[in-house]
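Shown next, in structure tokens, is the structure this report addresses.
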Amino acid sequence: MTQGSETQGHHGNHLFQTFFIAASCQRIALSTQNSINAKLYQRIALSTHSSLGTSKMMRALASCGRLFSECASVVLVVLGLLVSCVEVTWSQEAVAEHDLQPLPAAEKPVSQEQVELGRLLFFDGRLSGDATVSCATCHRPELAWCDGLPLAAGYPGSLNFRNTPSLLNVSRQKYAYWDGRLPISDLPTIVRDHISEAHFMQADGRLVIERLKQVPEYRKRFQQAYGAEPSYGRILGSVSAFVRTVRSADTPFDKYLRGQQDALTESAKRGLALFRGAGRCVECHHGALLTDGQFHNIGVPDNSVIFDEPLRHITFRRFFRTLGVPEYEHLRRDPGLYGVTKRAEDMGRFRTPTLREIGRTAPYMHNGSFKTLNEVVAFYNRGGGDSAGQDPRLQPLGLSDQQQADLVEFLTTLDSQPQAVQAPDLPEYGLTDLGTNE
């Protein structure tokens, strides 16, 4: 073989290998059920096609037959090495994209005076219609800032139909509520929604303002925080400032991510491997909050209490009527995101919750249908529920009892030690000097 033909042969061999990698990865991407792996192989294919170019791909096709017959064994060996190298490179990138991270440092408050004022208001029932319900009624610090109930209680004379989410780390999430109807970026509006919503606190903002003006301590604190008297916007801003400070302390998993290997037990480490691997949890639960911030239909079983208890059913129907949901009176299951968007594909989709503090925030799911983490893991191991429009990625996992126990063990490492939060002594009403309450 001449030097020119040898060079041409090597060049054609390289083209064939590269083309074959691209074609193989494209085929794998189209056939795989795993969304992360599909994305991985698709990107390898696109990258490899890009590196070839059209003219090179045509030359590769033309020389495929001759090269395969001459160099079949060499090509297969080299191909295996190349695919291994490329897969390692891209898989590292894919894992990083869905990786788990420690909780970032706390946000610096805009004003400590606003935070302290918001702390008082958070615990003050005078923000509600009958002056008995405060934010802390449903978001109790000693219960990881939720209420520990399957379904929330609601304003006196009503009962709610959804589970109360924790406020821990809420300022770092994308959306509020299970149906995501308000963005966390507008936290004052979310506070207003809680104060004014009929089955939350049912208060008229004008009444709340006048109440606070009759409390000398509040007038003083609003002056310190804003240089002005109480107003609705300043009330909402202060409560929001306080809520932004409600965050988790370091967890065993945070310490492990920062290099403390003994922060996790061997069982928890096995559970982490399952979380990232065979359990496929990381597909929707990743990042610092262990959530993708998106909405999914996983087939959560219905909670019949919602329709068995008249006060909950009344709240349910009133709420979806207010949202303008078609045929709300005939609903017999929570439509979730559909109630906000009115798009058929969103029926039964709910926000992916953060897994931080998951061991302290039972019961679970939007309707409190699972009492323990063991029940939740068993549910996913079965492939989720059985409802129309369910996410096709949910398939039986086939995890053994020990593997499920390891996964639960890992989930408990996402809990921080409870922090003692003392409810403040609330200021009293007082007489106002004539001419100072304008």
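The values are calculated or read from the model by the stated rules, or taken from the named source; none is laboratory data. None of the values given here were measured: they were computed from a predicted structure. Quick reminder, even Gly has a Cβ in these numbers, built from the backbone with ideal geometry, and neighbours come from all protein chains shown.
A few notes on this one:
- Filter pass, ILE358 being surrounded by fewer than 17 Cβ atoms within 10 Å (Cβ to Cβ) and hydrophobic (A, V, I, L, M, F, W, C): no
- If only residues of region 105-127 that are part of a loop (DSSP other than H, G, I, E, B) and in contact with a helix residue (DSSP H, G or I) (Cβ under 7 Å, 6 or more places away or on another chain) are counted, the one that is nearest to SER196 (Cα to Cα) is PHE123.
- Any pair with Cβ under 8 angstrom, 6 or more apart, that starts in region 226-237 at a residue that is part of a loop (DSSP other than H, G, I, E, B) and ends at one that is surrounded by fewer than 15 Cβ atoms within 10 Å (Cβ to Cβ): GLU229/GLN223
- Identity of the residue in region 282-315, without any contact (Cβ under 8 Å) to a residue 60 or more places away in the chain and of a type in the set (S, T, N, Q), that ends up surrounded by the most Cβ atoms within 10 Å (Cβ to Cβ): GLN294
- Qualifying residue in region 150-164 (condition: buried (at least 19 other Cβ atoms within 10 Å of the Cβ), outside the structural domain of LYS371 (by TED's automatic domain parsing), aromatic (Phe, Trp, Tyr) and free of Cβ contacts under 8 Å to residues at least 60 places away in the same chain): yes
- Residue that is surrounded by the most Cβ atoms within 10 Å (Cβ to Cβ) [pool: residues in region 268-281 that are touching a helix residue (DSSP H, G or I) at 6+ places or on another chain (Cβ under 8 Å) and either small (Gly, Ala, Ser) or closer than 28 Å to PRO335 by Cβ (or both)]: GLY271
- Flag if ARG318 is in contact (Cβ under 8 Å) with a residue 40 or more places away in the chain, among the charged types (D, E, K, R), buried (at least 17 other Cβ atoms within 10 Å of the Cβ) and not in a loop (DSSP other than H, G, I, E, B): no
- Residue check, VAL376 on the phi < 0 side of the Ramachandran plot, in contact with a strand residue (DSSP E or B) (Cβ under 9 Å, 6 or more places away or on another chain) and not in a loop (DSSP other than H, G, I, E, B): yes
- Residue check for GLU217: of a type in the set (Asp, Glu), closer than 14 Å to LEU121 by Cβ and either part of a helix (DSSP H, G or I) or in contact with a Pro (Cβ under 6 Å, 6 or more places away or on another chain) (or both): yes
- All conditions but one from (1) of a type in the set (S, T, N, Q); (2) more than 25 Å from SER416 (Cα to Cα); (3) in contact (Cβ under 8 Å) with a residue 40 or more places away in the chain apply to SER196; the one that does not is (3).
- Scan of region 391-405 for residues that are within 18 Å of PHE350 (Cβ to Cβ) and either buried (at least 18 other Cβ atoms within 10 Å of the Cβ) or aliphatic (A, V, I, L, M) (or both), ordered by number: LEU394
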